[in-house]
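Heads up, the thing below is written out as structure tokens.
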Amino acid sequence: LDNRIREVETKLRDAALMLPNMCDASVPVGADEDENVEQRKWGEPRQFNFDVQAHWDLGESLDILDFNRAGKMSGARFTVYKGL
């Protein structure tokens, strides 16, 4: 009986791991990130006396991120650090 219980628990766990995270009913449905709804803000955006760069551009200009190598290793939306 214990073996059967373990087997059923394993199957249940494996099946549960395949389920997507369920959003609360109040969460609006959107096709992509452009349709995200901002719920609240805190503070004001900082102003800088230089051109602000995205972290991926800054990392490449500092030669500390390698997107090309990461793409070959694992595909899109991944990077590797250089020189660590």
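A short reminder: the numbers here are calculations on the coordinates, not readings from a lab. Predicted, not measured: the structure shown is a model, and the values here were computed from it. Cβ atoms come from the backbone with ideal geometry, glycine included; neighbour counts cover every protein chain shown.
Numbers for the structure displayed
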| item | result |
| --- | --- |
| Residue (of Ser26, Leu58, Gly71) at the positive-pole extreme of the chain, dipole from beta-carbon charges | Gly71 |
| Structure-based [θ]222 nm, the chain - -39500 (n - 2.57) summed over DSSP H runs of at least 4, per residue, nearest 500 | -11000 deg cm²/dmol |
| Within the range 33-69, GluC sites (Glu not before Pro) in DSSP loop having at most 10 other beta-carbon neighbours inside 10 Å | Glu38 |
| Derived scalar couplings ³J(HN,Hα) [the range 68-77; Karplus, 6.51 cos²θ - 1.76 cosθ + 1.60; whole Hz; x for Gly, Pro] | 5, 5, 4, x, 6, 7, 9, x, 6, 6 |
| Integer Hz, Karplus 6.51/-1.76/1.60 couplings in order for the range 30-35, x for Gly and Pro | x, 6, 7, 5, 5, 9 |
| Kirkwood hydrodynamic radius of the chain, from inverse mean 1/r over distinct Cα pairs, in Å | 18.6 |
| Sparse-neighbour loop sites [trypsin sites (Lys or Arg not before Pro); the chain; at most 14 other C-beta within 10 Å; DSSP] | Arg40, Lys41, Arg46, Arg77, Lys82 |
| Rounded to the nearest 20 debye, dipole of the chain from Cβ charges on Lys, Arg, Asp, Glu | 420 |
| Surrounding net charge for Ser61, when Lys and Arg each add one and Asp and Glu each subtract one, Cβ distance under 14 Å | -4 |
| Per DSSP, loop chymotrypsin sites (Phe, Trp or Tyr not before Pro) in the range 1-72 with at most 10 further Cβ within 10 Å | Trp42, Phe48, Phe50 |
